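The values are calculated or read from the model by the stated rules, or taken from the named source; none is laboratory data. No experiment lies behind these values; they were computed from the predicted model shown. For neighbour counting, all protein chains shown are included, and Cβ atoms are generated from backbone atoms with ideal geometry for every residue, glycine included. Only protein heavy atoms, including side chains, enter the accessible area calculation; ligands, DNA and RNA are left aside. Shrake-Rupley method; radii C 1.70, N 1.55, O 1.52, S 1.80 Å.
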Amino acid sequence: MTPPDLSPETGAEPDFFQLLDQPAVIMRQDATLFRANTAFERHFGAWKAGMPFVHGMDEQGQEALQRTIRTLGDAPASFIHAFRPDALPARRWSWQLWRQSEWVFGRARPAGQMPDAGLMFQALFSSPAIGIAILDEHGQLVEVNESFSELLGCARDELLHTRGMDWVHRPDRKAVSENEGQLSSGKISRYRLTVRLKKRNSRLVWVMLTVNPIQRITGERQFLVTTENIDQRVKAERKLVQRAEELVRSNKDLEQFAYMASHDLQQPLRTISNFVQLLDRKYASQLNEEAREFIRYAVEGSTRMQQMIRDLLAYSRVQRLDLELEFVDFNEVMEEVNTNLQEVAQASTANVLSEYLPALRASRRQMVQLFQNLIENAIKFSRSEQRPEVIISADDQESKVRFSVRDNGIGIAEEHRDRIFALFQRLHEQGTVQGTGIGLAICQKIVENHGGKIWVESEPGKGSVFYFTVRKAADKSTT
């Protein structure tokens with residue numbers, strides 16, 4: 001009865017077993033020796049076939065050996081024991097065992113040394129995460145591991161002696177052939193490609209293919225092929241690319257709409273409004289109060305529609321604007337906002353206070369728009385019996401800064417806190433408060449453009465606090 005070769009990674013002939021520098025054995029399932037090499041004899045003394053392998057081991061080592069063999073699976077396992085042969089010093093040895101069919105193979109090294117290449121290859125070959133195949137110099141499969149077989153959905157016997165190239169998807173074969181040519185000419189020492197392999201059911205699977213040449217001691221050249229299944233990753237990346245392309249198309253549509261909104265849609269509304277007002281002026285003496293009221297409704301509706309179009313255009317510009325990021329002093333932003341809102345603040349006697357604010361990498365233009373919308377909203381929704389007061393502050397939070405805009409206004413009920421950030425969502429009837437309900441939607445889009453989020457905490461009759469975050473930049477030199 002002849003066991004298979006001890007060193008499958010080299011395809012070594014039996015003579016190579018005796019040339020190993022470290023002790024090696026082949027034994028049966030009952031831990032009796034079938035064969036041992038000269039290095040074993042040098043360190044552990046003479047042996048003969050059928051002799052118990054545990055001979056000379058300490059009691060703990062014998063128990064460890066029996067336990068290891070009982071639990072030995074496809075992957076290598078190890079145990080350590082102390083050995084004191086006659087007339088030789090005691091020494092601790094680390095053994096690694098692996099099973100092949102009914103045979104148990106073992107290699108030893110002094111405890112503390114790195115495992116040898118043979119055992120490392122055996123562990124790699126048995127890895128459930130990596131598909132491994134060995135091809136001969138003619139490109140035929142001469143060995144595959146279980147993971148490679150599972151990857152292609154074929155049994156090992158179906159794969160052996162087939163051409164490796166036959167399992168590569170036809171459109172990807174050119175890239176493989178070009179790399180093989182460079183490998184053969186010595187221009188490259190190995191290559192790595194992303195290719196599709198054909199499974200037995202004709203389905204394709206994306207893999208990261210790595211090919212390394214190996215040399216057997218007989219001089220025969222072979223190729224070690226490892227395959228990493230990246231099918232899910234590639235499909236996810238393709239979906240991201242597809243969505244990015246859809247987003248580009250969507251942005252182009254948005255730009256076309258913005259142009260139409262700023263020109264084509266507003267012109268008919270202006271025409272309607274002008275002619276209705278002309279009708280009112282020319283025939284005012286012939287119209288009764290009800291007719292003039294109808295005309296007023298038409299003019300107000302046209303004016304509201306124009307404002308909604310302008311606001312929608314502003315929202316679309318926030319979405320499609322390529323951010324020109326710079327390090328912005330938010331104190332200067334507040335100075336500009338206060339200048340823009342000077343008339344509004346004076347008319348309402350509002351008191352706008354700002355604590356010292358940091359400098360962050362952001363779009364200055366969008367930050368001015370963000371604070372201006374929030375402060376204007378705070379003034380707009382103030383309580384009639386109380387002077388409006390708005391306080392702006394900032395709180396450092398490691399990777400970001402949290403800003404707050406606090407007011408003493410009418411407040412917002414809990415069920416409306418998410419709704420207020422949607423397009424054209426108004427909590428008050430038309431005519432009671434000016435606006436189209438798009439200001440907070442613009443605020444949300446600006447904050448999202450800066451990688452942050454915005455929310456509100458409020459209680460009816462006790463005011464509101466709008467919070468939003470802006471990410472910090474690592475270095476001012478990155479402007």
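Evaluate segment 386-395: report whether one residue or more is within 33 Å of the chain's Cα centre (by Cα) and open to solvent by 10 Å² or more (accessible area, probe 1.4 Å). If you could, list the steps in order and put the result at the bottom.
First, the residues of segment 386-395 that are within 33 Å of the chain's Cα centre (by Cα): 394-395.
From the residues that got through so far, the ones that are open to solvent by 10 Å² or more (accessible area, probe 1.4 Å) too are 394-395.
Looking for residues that are within 33 Å of the chain's Cα centre (by Cα) and open to solvent by 10 Å² or more (accessible area, probe 1.4 Å), one finds at least one in segment 386-395, hence yes.
I'd like to check something: does segment 209-217 contain any residue that is farther than 21 Å from Val142 by Cα and open to solvent by 40 Å² or more (accessible area, probe 1.4 Å)?
Step one: of segment 209-217, the residues farther than 21 Å from Val142 by Cα are none.
Within segment 209-217, none of the residues are farther than 21 Å from Val142 by Cα and open to solvent by 40 Å² or more (accessible area, probe 1.4 Å).
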Tally the residues that are in contact (Cβ under 8 Å) with a residue 24 or more places away in the chain and open to solvent by 30 Å² or more (accessible area, probe 1.4 Å), restricting the search to segment 139-152.
4
Would you mind telling me which numbered condition in (1) modelled with pLDDT of 80 or more; (2) closer than 30 Å to Asn145 by Cα Pro52 fails?
(2)
Could you list, in sequence order, all residues of segment 447-462 that are more than 23 Å from Leu323 (Cα to Cα), modelled with pLDDT of 90 or more and not acidic (Asp, Glu)?
Val456
Take the residues in segment 357-380 that are open to solvent by 50 Å² or more (accessible area, probe 1.4 Å) and in contact (Cβ under 8 Å) with a residue 60 or more places away in the chain, then tell me which one is farthest from Gly463 (Cα to Cα).
Arg361
Per the list (1) in a helix (DSSP H, G or I); (2) at pLDDT below 90; (3) closer than 28 Å to Ala236 by Cα, residue check on Ser184 breaks on (3)
Give the residue that is modelled with the lowest pLDDT, with candidates limited to residues of segment 302-325 that are loosely packed, with under 14 Cβ neighbours inside 10 Å and acidic (Asp, Glu).
Asp322
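Where in segment 96-175 are there strands (runs of 3 or more DSSP E), lying wholly inside it, with at least 1 residues that are under 16 Å from Lys198 (Cβ atoms) and at pLDDT 85 or above?
Working: elements: 103-110, 131-135, 141-144.
Fully inside segment 96-175 and qualifying: 131-135, 141-144.
Condition check: touching a residue at least 60 places away in the same chain (Cβ under 8 Å), open to solvent by 10 Å² or more (accessible area, probe 1.4 Å) and touching a strand residue (DSSP E or B) at 6+ places or on another chain (Cβ under 9 Å). Does Arg28 satisfy that?
Yes: the conditions hold for Arg28.
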In segment 187-205, the residues that are part of a loop (DSSP other than H, G, I, E, B), closer than 25 Å to Glu158 by Cα and open to solvent by less than 60 Å² (accessible area, probe 1.4 Å)
Lys199
Only one of Val352, Val276, Val344, Val328 is under 29 Å from Ile379 (Cβ atoms), in a helix (DSSP H, G or I) and aliphatic (A, V, I, L, M), namely Val344
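For residues that are of a type in the set (Val, Ile, Thr) and surrounded by 13 or more Cβ atoms within 10 Å (Cβ to Cβ), scanning just segment 327-356, find the one that is modelled with the lowest pLDDT.
Here is the first cut: in segment 327-356, the ones of a type in the set (Val, Ile, Thr) are 328, 333, 337, 339, 344, 349, 352.
With surrounded by 13 or more Cβ atoms within 10 Å (Cβ to Cβ) added as a condition, the list becomes 328, 333, 337, 344, 352.
Values: Val328: 93, Val333: 95, Val337: 92, Val344: 86, Val352: 91.
So the residue we want is Val344.
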